[in-house]
Amino acid sequence: MRAMKRIALTLLLACCAASAATKRPNILFILTDDQSPFDFKFHNLQSTLESPNIDRLAAQGMIFDAAHHMGSFSGAVCTPSRHMIMSGRTVWHLPVGPGAKDCPPGLEKNTIGAVFNRAGYATMRTCKQGNSYPAANQQFSVVHDKTMRGGTPETGSAWHADRVLDYLGQRKEKKDARPFFIHFGLSHPHDVRDGTPELLAKYGATNHRDRSALPAAHPKQPPLPPNWLPAHPFDNSHRNVRDEVSVSGVWDRRDERTIRNELGREYACAENIDIQVGRVLARLKEMGELDNTYIFYTADHGIAIGRHGLQGKQNLYEHTWRVPMIVAGPGIKPGSRAPGNIYLGDLLATFCDLTGVPVPETNEGTSFKPVLFGQKTVIRDTLYGVYNGGDQPGMRAVKHGDWKLIEYESRKSGVRETQLFHLKENPHELLAEHRDPAVAGLTGTKPSEAQVNLAKDPAHAAKLSKMRALLLANMRHHGDPWRFSGQPGDNLPAPEPARRGKKARR
């Protein structure tokens, strides 16, 4: 009898162990609004932002040094970006914009919330409202969307964290054993960057409101970035978009005091996000859920805030085209880094791959799970980017290895510019204007040593030609409905205008 009991107990323990080993992992997806990767020390050693919880998360997982969004056909860059995140589709194949008529009907049933609901996950979402994908957002079982950009716990980032904490508390009370997918979105650090009084003081910043005067200078304010300019050197095809001329506290100014104050406001909002992320991670640890949870931290796109004389997100420089990206969780080597190249549109495929959930047929992204587990270093060698929310065809970028090309054209203004950067030698994409002693004196750049745009350098003519050919190939591959002067027309029909939706301010 005792032998039989021992056998039964052994079988029971084996079953329990097998059950624990096959328990499906949770996903915590943290998404911020308008955040440059260069806010963080793990992407920029010169940053003065203090973000201990996110830094710790980076040390526990993998940092991606070439995560990008694919681009936008609208000044509200977050609109196509968030559609791509939710659906896994590429920029010209979305239910908004010039490709809307060719998008599969009922796509929202193949977006994150719906996909994970069908797989038996408990799904919850909190995020900002506006410039998003409402039909997809509503697929989550629990939704608390509200734009909260104030400087108090009731009106700022703490509100979103409280919704997640409330949900986790209810899950515990109900003894809900289902794996979860939590979309933890925040409304900051998007402008208006009203930080809490304590954090504003920490970074020497004020919520400046007086357009007739400059904000106060303060030694605690973050330094000017190395690629700051007092103005962008040419019309980039959308110089008068709201972000460039109407952001409260900045408007059309790019002077040192204005930009350093605005960076201080950005950092105050970013550190508050860090505090809220810490609260949620601590609760997951208390509940015993943390060890079985994959955590993703990223943003819908970057932001300029004075870099290259720009303020907004309507450009394809690395401070704006790139996004911060951390992934931590079971099987991911702590302190690891991936050189690239991934799109935000790869997230849905990766979420599915990590959890064993079937990938919807409408998905066009590529899972980067093999990179997370050290089986590959990259999943693609080339990145394509677009911005044409202003004049057409606008801006296009292609990045391959250490080389990057940006083309600009406005058929209304006649602007036609080309930039070729070797990012290993010129990571800040410095221009000839950065060699101006007045600029270099404020940013600490050494003018004589700074490599700049190589597009007009005869020594790099062959490289320029190759990059232009690569750009055209990617425009064709992704169904880009526009062409630049000098490119083959490809008999493209006139593209339909983008559906603008709500104002870019959101």
Subject >> Of the criteria (1) within 27 Å of A217 (Cβ to Cβ); (2) out of contact with any Phe, Trp or Tyr (no Cβ under 7 Å at 6 or more places or on another chain), which one H308 fails >> reply: (2)
**OP:** Would you mind telling me which numbered condition in (1) modelled with pLDDT of 95 or more; (2) farther than 23 Å from R380 by Cα I406 fails?
**Re:** (2)
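K369: within 22 Å of the chain's Cα centre (by Cα), of a type in the set (K, R) and farther than 16 Å from N315 by Cβ, yes or no?
On the way: within 22 Å of the chain's Cα centre (by Cα): yes; of a type in the set (K, R): yes; farther than 16 Å from N315 by Cβ: yes.
Yes, satisfied.
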**OP:** Run down V250, V241, V245, V280 and say which single residue is within 21 Å of S47 (Cβ to Cβ), in the same structural domain as I332 (by TED's automatic domain parsing) and aliphatic (A, V, I, L, M).
**Re:** V250
**OP:** Name the residue, out of T350, T293, T320, that is hydroxyl-bearing (S, T, Y) and under 22 Å from F40 (Cα atoms).
**Re:** T320
**OP:** Just give me the residues in the range 245-259 being without any contact (Cβ under 8 Å) to a residue 60 or more places away in the chain and crowded, with 17+ Cβ neighbours inside 10 Å, in sequence order.
**Re:** G249, R253, R254, T258, I259
Original post:
Which is at pLDDT 95 or above, within 26 Å of L472 (Cα to Cα) and touching a Pro at 6+ places or on another chain (Cβ under 9 Å), of V398, V323?
Top reply: V323
**OP:** Could you figure out which of (1) buried (at least 19 other Cβ atoms within 10 Å of the Cβ); (2) part of a loop (DSSP other than H, G, I, E, B) isn't true of R265?
**Re:** (2)
**OP:** Please state which of the following conditions N363 fails to meet, knowing it meets all the rest: (1) in contact with a Ser or Thr (Cβ under 8 Å, 6 or more places away or on another chain); (2) crowded, with 22+ Cβ neighbours inside 10 Å.
**Re:** (2)
Original post:
Regarding L165, is this residue touching a helix residue (DSSP H, G or I) at 6+ places or on another chain (Cβ under 6 Å), closer than 30 Å to E429 by Cα and assigned by TED's automatic domain parsing to the domain that holds N363?
Top reply: no
Original post:
Is it the case that the range 209-221 has a residue that's part of a loop (DSSP other than H, G, I, E, B) and within 20 Å of S51 (Cβ to Cβ)?
Top reply: yes
Subject >> Filtered residue count, the range 334-366, keeping only those that are over 21 Å from H69 (Cβ atoms) and either out of contact with any helix residue (DSSP H, G or I) (no Cβ under 9 Å at 6 or more places or on another chain) or without any contact (Cβ under 8 Å) to a residue 40 or more places away in the chain (or both) >> reply: 1
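Can you report the number of residues in the range 150-168 which are of a type outside the set (A, V, I, L, M, F, W, C) and either touching a Gly at 6+ places or on another chain (Cβ under 6 Å) or in contact (Cβ under 8 Å) with a residue 60 or more places away in the chain (or both)? Quick ask: steps written out before the conclusion?
Just the residues of the range 150-168 that are of a type outside the set (A, V, I, L, M, F, W, C), to begin with: 150-157, 160, 162-163, 166-167.
Okay, now just the ones that are also either touching a Gly at 6+ places or on another chain (Cβ under 6 Å) or in contact (Cβ under 8 Å) with a residue 60 or more places away in the chain (or both), so 150-151, 156-157, 160.
Qualifying residue count for the region: 5.
So which of P481, P497, P427 ends up being within 16 Å of Y317 (Cβ to Cβ) and either at pLDDT 95 or above or not assigned by TED's automatic domain parsing to the domain that holds P230 (or both)?
Working: P481 fails: within 16 Å of Y317 (Cβ to Cβ); P497 fails: within 16 Å of Y317 (Cβ to Cβ).
Only one candidate qualifies: P427.
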Subject >> Scope the range 95-118; condition under 28 Å from N26 (Cβ atoms) and out of contact with any Ser or Thr (no Cβ under 7 Å at 6 or more places or on another chain); matching residues >> reply: G106, E108, K109, I112, A114, V115, R118
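Just to confirm my filter: which helices (runs of 4 or more DSSP H) fall fully inside the range 38-125 and include at least 1 residues that are under 16 Å from the mean Cα position of the chain (by Cα) and in the same structural domain as G365 (by TED's automatic domain parsing)?
The qualifying helices (runs of 4 or more DSSP H) are 52-60, 78-87.
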**OP:** Only residues that are in contact with a helix residue (DSSP H, G or I) (Cβ under 6 Å, 6 or more places away or on another chain), buried (at least 18 other Cβ atoms within 10 Å of the Cβ) and of a type outside the set (A, V, I, L, M): list them for the range 128-144, please.
**Re:** N131, S132, Y133, Q139, F140
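The values are calculated or read from the model by the stated rules, or taken from the named source; none is laboratory data. A quick note: this is a predicted structure, and the numbers were derived from the prediction, not measured. Don't worry about glycine lacking a Cβ; one is built from the backbone with ideal geometry, like all the others, and counts go over all protein chains shown.
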